[in-house]
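S.K.: Quick one: this structure, given as C-alpha cells, is what I'll be asking you about.
The values are calculated or read from the model by the stated rules, or taken from the named source; none is laboratory data. Everything quoted here is computed from the prediction, not taken from an experiment. In this analysis, Cβ positions are derived from the backbone assuming ideal geometry, glycine residues included, and neighbour counts consider all displayed protein chains.
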Amino acid sequence: MSGEIILTITGNLTNEPEQRNVNGHTTAGFTIAANSRYTGRNGQPQEGNTVFLRCTAWNQLAEHVLQTLRKGMSVIAQGQLRQNSWTDDQGNKRSSMELSITDIGPSLKFATAQVQRAERQQDNGYGATGYPSNGYQNTGYGQAPAGYGYGQQQAGSGAGV
C-alpha cells in the first residue's frame, strides 16, 4: 500500500493487554507511553512530553502479546499508523490515532529476556497482522521456495546446487 505510515515506538505498556474478538480474529489492545527526555540548559536531565499511543495486535501476534507482555514492561513496537473516525452521540466528528502492530517485543535496554520460539499456526489466509496474505506462501526468512532447495540435485548436473 502506498502512503501508509510505518512507525516505530519505544515505551512502556500502561495497562495489561486486553483480549478481544473482532470478526473471528483475536486481538490484543494496549497503550504504549513514550517518554521523551533531554538535557536542559542547566545540563540536568529533563522530562519532556509523554505520548500515549493506542495499539492493536492481531491473530497469532495478539496471542503472543497476551502470553508475554505485562503492564509496565518496556517494549519496542512497529506498525501502521491509522486514523479512526466516527461521530459521537452528540453528532460531533471525532478521530483517534492507533498503531496496528506488525512487530513487538520487550526492550533489552534495562532488562533481559529468554526467547522461546512459538509453534507455527495455520492463519487461514491471514497473516499475523490480520491482513490477507494474498495466497503467497510464506517460506520464512532465508528459506528458498519449494523447488529451489539448496543441496538438491539439478536434473542432469550430477552435483548439488
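S.K.: Here is a list of conditions, (1) at pLDDT below 95; (2) on the phi > 0 side of the Ramachandran plot, and GLY72 meets all of them except one; can you say which number that is?
M.R.: So the condition that GLY72 fails would be (1).
S.K.: Something else about it: I'm trying to understand the selection: among the residues of the stretch 81-112, which are surrounded by 10 or more Cβ atoms within 10 Å (Cβ to Cβ) and either at pLDDT below 85 or over 19 Å from GLN67 (Cα atoms) (or both)?
M.R.: Taking the stretch 81-112 and keeping what is surrounded by 10 or more Cβ atoms within 10 Å (Cβ to Cβ), we get 81-82, 84, 94, 96-108.
Residues satisfying the conditions are LEU81, ARG82, ASN84, ARG94, SER96, MET97, GLU98, LEU99.
S.K.: Picking from GLN67, GLN90, GLN80, which residue would you name as being in a helix (DSSP H, G or I), more than 15 Å from ALA33 (Cβ to Cβ) and either of a type in the set (S, T, N, Q) or touching a Ser or Thr at 6+ places or on another chain (Cβ under 7 Å) (or both)? Write out each step before concluding.
M.R.: Working: GLN90 fails: in a helix (DSSP H, G or I); GLN80 fails: in a helix (DSSP H, G or I).
GLN67 is the lone residue from the list that is in a helix (DSSP H, G or I), more than 15 Å from ALA33 (Cβ to Cβ) and either of a type in the set (S, T, N, Q) or touching a Ser or Thr at 6+ places or on another chain (Cβ under 7 Å) (or both).
S.K.: Okay, moving on. Of all residues being surrounded by 12 or more Cβ atoms within 10 Å (Cβ to Cβ) and not aliphatic (A, V, I, L, M) in the stretch 57-69, which is nearest to ALA113 (Cα to Cα)? Just the residue, please.
M.R.: Taking the candidates together, the pick is THR68.
S.K.: Within the stretch 1-44, count every residue that is farther than 20 Å from GLU63 by Cα, of a type in the set (Gly, Ala, Ser) and in a strand (DSSP E or B).
M.R.: So the first thing to find is which residues in the stretch 1-44 are farther than 20 Å from GLU63 by Cα, and the list is 1-11, 33-44.
Filter once more, keeping what is of a type in the set (Gly, Ala, Ser): 2-3, 11, 33-34, 36, 40, 43.
Retained after the next criterion (residues that are in a strand (DSSP E or B)): 11, 33-34, 36.
Going through the stretch 1-44 one residue at a time, the tally reaches 4.
S.K.: I need the full set of residues from the stretch 32-56 which are in contact with an Asp or Glu (Cβ under 9 Å, 6 or more places away or on another chain) and buried (at least 16 other Cβ atoms within 10 Å of the Cβ), in order please.
M.R.: Restricting attention to the stretch 32-56, the residues satisfying the condition of being in contact with an Asp or Glu (Cβ under 9 Å, 6 or more places away or on another chain) are 35-38, 53-56.
Of everything in the stretch 32-56, those that are in contact with an Asp or Glu (Cβ under 9 Å, 6 or more places away or on another chain) and buried (at least 16 other Cβ atoms within 10 Å of the Cβ) turn out to be LEU53, CYS55, THR56.
S.K.: Any residue at all in the stretch 8-21 that's within 21 Å of SER107 (Cα to Cα), modelled with pLDDT of 95 or more and touching an Asp or Glu at 6+ places or on another chain (Cβ under 6 Å)?
M.R.: In the first step, residues of the stretch 8-21 are kept if they are within 21 Å of SER107 (Cα to Cα); the result is 8-18.
Right, trim to modelled with pLDDT of 95 or more and you get 8-18.
Still in the running and touching an Asp or Glu at 6+ places or on another chain (Cβ under 6 Å): none.
The answer is no; no qualifying residue exists.
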